[in-house]
Each structure stands twice: as C-alpha cells, then as structure tokens.
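Undergrad: Starting off with a structure, shown below.
The values are calculated or read from the model by the stated rules, or taken from the named source; none is laboratory data. Bear in mind the structure is a predicted one, so any value in this text is a computation, not a measurement. No Cβ is skipped: glycine too gets one built from the backbone with ideal geometry, and neighbour counts run over all protein chains shown.
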Amino acid sequence: MGKGASREEAVAVLDDLVRLGYLSDERFARAFAAHNAKRYSRRSIAGELKSKGVGSDAIEIALADAEIDDAQAMEALWRRRFGRLPADDRDKARQVRFLQSRGFSVSSILALLRKAKA
C-alpha cells in the first residue's frame, strides 16, 4: 500500500483548486441556499452553512441572492406537508415541532396556524 498525501500536500492542492476557481465557498453557499430556500428558514440555512465552515460574508450574499421569505417558505412547507389545520392539540404539537425543526420560530408558526384558521 502506498503512503497517502501529507496534510501540507492536501492543503496545497485545495489552494490550487480555489485559485483556479474549481472550489468556491460563495458558489457552494448560493447553491445550498437556493436548494433549501423553500424547505428551511433563513436562520436554519445560515446555521448549516456556518457549520460547514462558510464565512459570514458568503452566507449573507447567498441568503440575499436566494431571496428567502421565511413566512412564504413556512406556509408553502406547511401546506405541502400537512395541508390542513391540526385536528387536536397533539396534532398541533406535531406540526409545530416539524416547522421548528426547519428553523422557524414558534411565534411565526402559531401566527401561521391562526391565519390558516381564519
């Protein structure tokens, strides 16, 4: 078995790929934000990008380019996933938990459910 590349060699190759334009945090962030815009909140997308090591400038640009509207995304997601008001408190808790897991705040979720009830 051959010996693997050293850390320094790997870093040099990655630096070359960035310099040549084959690797780009900005391009990755834009693609990630666009792909997830209708399923997750801005806060959730930003957190995920940050956890992947993307810088805050690239995150802000990606979120602006994706034109994410949290209220619109949450309502569309809720309609696709549930399409109806909760039948009881247990069902309501399930819907709230699901939307919270996608990064939406409890206050905005409850406002959506009140709006849908009207």
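Undergrad: Among the residues of region 15-29, are any assigned to a helix (DSSP H, G or I), over 21 Å from ILE59 (Cα atoms) and not aromatic (Phe, Trp, Tyr)?
TA: Scanning region 15-29 turns up at least one residue that is assigned to a helix (DSSP H, G or I), over 21 Å from ILE59 (Cα atoms) and not aromatic (Phe, Trp, Tyr).
Undergrad: Just name the residue that is surrounded by the most Cβ atoms within 10 Å (Cβ to Cβ) out of those in region 74-117 that are of a type in the set (Lys, Arg) and more than 22 Å from GLU48 (Cβ to Cβ).
TA: Among those residues, the one meeting the criterion is LYS92.
Undergrad: Let me ask another. Cβ-Cβ below 8 Å, separation at least six or inter-chain, first residue in region 27-46 and within 9 Å of ILE68 (Cα to Cα), second of a type in the set (Phe, Trp, Tyr) and modelled with pLDDT of 95 or more: which pairs?
TA: If the second residue must be of a type in the set (Phe, Trp, Tyr) and modelled with pLDDT of 95 or more, the pairs left are SER41/PHE104.
Undergrad: Name the residues in region 57-73 that are assigned to a helix (DSSP H, G or I) and surrounded by fewer than 14 Cβ atoms within 10 Å (Cβ to Cβ), would you? Let's see the steps before the verdict.
TA: Just the residues of region 57-73 that are assigned to a helix (DSSP H, G or I), to begin with: 57-66, 70-73.
Residues satisfying the conditions are ASP57, GLU60, ALA64, ALA71, GLN72.
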